[in-house]
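Beneath this line is the structure, given in structure tokens, with notes to follow.
The values are calculated or read from the model by the stated rules, or taken from the named source; none is laboratory data. None of the values given here were measured: they were computed from a predicted structure. Here Cβ is always computed from backbone atoms with ideal geometry, including for glycine, and neighbour counts include all displayed protein chains.
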């Protein structure tokens, strides 16, 4: 029969109790008998190994009483090895979701099972009976330990569906139907807890904008930023530049950024180059005259002239970006007009 089973598995990976071979042999009934023998510990070890080598699962589906007995044994064993506090909602032990099962017994189980689990030190009070304040207390504890960003719609903590509760109340808040007292209790836990994803993104954008504004107000240039905070500003700004290039930056945000600097949305390389360009051409085009300006401000003329020479060489070798090349051509044209 083992050979027949092996042959049958080549064409049929799902063997049920009614499965028959092409010759009409009821291989499913025979396999069911082997499983029963295994359950009653009467199956020879060699035969057990032969069946397992074919990928056959010998575990027979347990009835509810057997499941309860097994789960109680597993829970007791798990607590003795790992401690009571280690048993949480998502705990899995020996491929059995004992955490989920405990929560289910707490909410819907019979009193005998609850009493048995209570002897293990488990709190078997039905969590759905918790008051709103009780659930908010659990929510506060979760956020204190894990942070607001860890809260999801399906988050369950201490067998309480805090994620779905917040999601439901967010909906009421957005429709101006959330009770003011409940609203104030949420805000006491975290000021941003009822904000939508879009509102959080907007707040974060405005915060980054203010950091950039403050940085530029101190007469800083967005070039060669080394410290962590300013590097973060520069990274954020480059992201806005990319969005602008892809035409994904909103008109409102683009307008706000351009208020800070007409050239701020240039690419990082072009922006750095242009800041240097403006600094050098300011000297070259000074109304005081190039030589006088350098003398008064103690600027080395050779450095300015070397920069100009390199830019012209780079332009001839097509090493400048389109923007840089346009600016250099404009500068050369104006310089030629001035000379005339």
Pairs returned, first residue in segment 293-317 that is within 17 Å of residue 277 (Cβ to Cβ), second residue that is surrounded by fewer than 11 Cβ atoms within 10 Å (Cβ to Cβ), beta-carbon separation under 6 angstrom, 6 or more apart or interchain, are none
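Every residue, every condition in (1) over 26 Å from residue 234 (Cα atoms); (2) at pLDDT 85 or above, yes or no:
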{"residue": "247", "(1), (2)": "no, yes"}
{"residue": "254", "(1), (2)": "no, yes"}
{"residue": "272", "(1), (2)": "no, no"}
{"residue": "287", "(1), (2)": "yes, no"}
{"residue": "307", "(1), (2)": "no, yes"}
{"residue": "312", "(1), (2)": "yes, yes"}
{"residue": "334", "(1), (2)": "yes, no"}
Across (1) assigned to a loop (DSSP other than H, G, I, E, B); (2) surrounded by 15 or more Cβ atoms within 10 Å (Cβ to Cβ); (3) in contact (Cβ under 8 Å) with a residue 40 or more places away in the chain, residue 51 clears everything bar (1)
Here the residues within segment 149-161 that are buried (at least 16 other Cβ atoms within 10 Å of the Cβ) and either at negative phi or in the same structural domain as residue 99 (by TED's automatic domain parsing) (or both) are 151, 155, 156, 157, 160, 161
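Inspect all residues belonging to segment 258-280 and state whether any of them is closer than 30 Å to residue 170 by Cβ and in contact with a helix residue (DSSP H, G or I) (Cβ under 6 Å, 6 or more places away or on another chain). Lay out the reasoning, then the answer.
Of the residues in segment 258-280, the ones closer than 30 Å to residue 170 by Cβ are none.
The answer is no; no qualifying residue exists.
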In segment 109-150, residues that are within 27 Å of residue 191 (Cβ to Cβ), without any contact (Cβ under 8 Å) to a residue 40 or more places away in the chain and out of contact with any strand residue (DSSP E or B) (no Cβ under 6 Å at 6 or more places or on another chain) total 11
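Is there a residue in segment 81-100 that is over 32 Å from the mean Cα position of the chain (by Cα) and part of a helix (DSSP H, G or I)? I'd like the intermediate steps shown before the answer.
Looking only at segment 81-100, we keep the residues that are over 32 Å from the mean Cα position of the chain (by Cα), and these are 81.
If we keep only those that are part of a helix (DSSP H, G or I) too, we end up with 81.
Yes, segment 81-100 has at least one match.
Between 64, 80, which is modelled with pLDDT of 85 or more, surrounded by fewer than 16 Cβ atoms within 10 Å (Cβ to Cβ) and out of contact with any strand residue (DSSP E or B) (no Cβ under 6 Å at 6 or more places or on another chain)? Lay out the reasoning, then the answer.
On the way: 64 fails: modelled with pLDDT of 85 or more.
Only one candidate qualifies: 80.
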Taking segment 1-22 and keeping only residues that are modelled with pLDDT under 80, farther than 17 Å from residue 52 by Cβ and either under 47 Å from the mean Cα position of the chain (by Cα) or assigned to a loop (DSSP other than H, G, I, E, B) (or both), one is left with 10, 11, 12, 14, 16, 17
- Query: Does any residue of segment 188-201 turn out to be more than 27 Å from residue 235 (Cβ to Cβ) and not in a loop (DSSP other than H, G, I, E, B)?
  - Reply: yes
- Any hit, segment 116-123, residues being assigned by TED's automatic domain parsing to the domain that holds residue 73, in contact with a helix residue (DSSP H, G or I) (Cβ under 8 Å, 6 or more places away or on another chain), in a helix (DSSP H, G or I) and on the phi < 0 side of the Ramachandran plot: yes
